[in-house]
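I have placed the structure first, in the form of structure tokens, so that the comments after it can refer back to it.
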Amino acid sequence: MNAAKSVAVFRYSDTEGPGHFATFLDAHRVPWTLVKLDQGEAVPASSEPFAGLGFMGGPMSANDDLPWTKPVLALMRDARSRGVPMIGHCLGGQMMSRALGGVVSANPVKEIGWNRVTVEDSPLARRWFGDDLREFTTFQWHGETFTIPPGGERILTGVHCPNQAYVLDDRHLGLQCHVEMTPAMIASWIASGRSEVEASLASPAVQPVERIAGEMAERLPALAATADRLYARWIRGLKR
């Protein structure tokens, strides 16, 4: 009997691991393997051996020319052609957009902290979020944004950054916001990114670190529950 295929999870930065995404996969007994691009691990040449591909966040730009940039973009195009489901969080969603014909550019303002987003009123959005969810508070930390790639459909929008999530082929999910957050991740980002936050407080979508930390206990359980809806829908398409 062949072993079950695993989900390959790609990490661009050691501070931006899979977080709650890994917790969900473990809870649902979905095998996964971490590809540490930040440590120079190679990008697979093909998506065929995997059940799905997960791409996490990172402080770099999706437009940077880094050693893994072209191989990741090629792998994403290969995955779409084979129907291997992809999910991208923030930088991962931006890279997916770029790979599949979209454009990544500066957002009018930075978004850092807890911001409200609205679920689109569409059949596709309801399939991914459920019939009862209209809006929620998510976590943000980005200065760039993506366009919806050709063939994709937006399922989530926000005041300060309209394109918050899209779906292609009803199996590939690109996210601008961070639904994968954990207390440890937020604490780490605050510690390393305090100067960026303080320099960006003129943005209406950036909150002081004290507020970000102070709202964490209240916000994270609901965000994890929303993430679970998306992840549950996503794993239905895995190539077993």
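The C-beta contact set for region 34-55 (first residue under 22 Å from M181 (Cα atoms) and at pLDDT 95 or above, second residue among the aliphatic types (A, V, I, L, M) and part of a loop (DSSP other than H, G, I, E, B), distance under 6 angstrom, 6+ apart or interchain) comprises G52/L238.
Of all residues in region 118-136, those satisfying the criterion of being within 17 Å of the chain's Cα centre (by Cα) and either over 20 Å from W234 (Cα atoms) or not β-branched (V, I, T) (or both) are A125, W128, F129, F136. On the basis of being over 26 Å from R77 (Cβ atoms), within 17 Å of the chain's Cα centre (by Cα) and of a type in the set (D, E), does E144 make the cut? Here the answer is no, as E144 does not meet what is asked.
Consider region 184-240 and keep the residues that are touching a Lys or Arg at 6+ places or on another chain (Cβ under 6 Å) and of a type in the set (V, I, T). The one that is farthest from E48 (Cα to Cα) is V209.
Within region 192-206, residues that are closer than 14 Å to W141 by Cβ reach partners that are in a helix (DSSP H, G or I) with beta carbons closer than 6 Å, at six or more positions or on different chains, in the pairs R194/V209; V197/V209.
Looking at region 121-240, the helices (runs of 4 or more DSSP H) lying wholly inside it that each contain 1 or more residues that are of a type in the set (S, T, Y) and buried (at least 21 other Cβ atoms within 10 Å of the Cβ) sit at 216-235. Does any residue of region 32-54 turn out to be under 15 Å from M86 (Cβ atoms), β-branched (V, I, T), crowded, with 17+ Cβ neighbours inside 10 Å and out of contact with any helix residue (DSSP H, G or I) (no Cβ under 6 Å at 6 or more places or on another chain)? Checked against the condition, which is being under 15 Å from M86 (Cβ atoms), β-branched (V, I, T), crowded, with 17+ Cβ neighbours inside 10 Å and out of contact with any helix residue (DSSP H, G or I) (no Cβ under 6 Å at 6 or more places or on another chain), region 32-54 yields at least one hit. Applying the set (1) closer than 23 Å to R240 by Cβ; (2) surrounded by fewer than 17 Cβ atoms within 10 Å (Cβ to Cβ); (3) not hydrophobic (A, V, I, L, M, F, W, C) to D64 leaves exactly one unmet item: (1).
The values are calculated or read from the model by the stated rules, or taken from the named source; none is laboratory data. Because the structure is a prediction, the values reported are computed rather than measured. We place every Cβ from the backbone using ideal geometry, glycine too, and count neighbours over all the protein chains shown.
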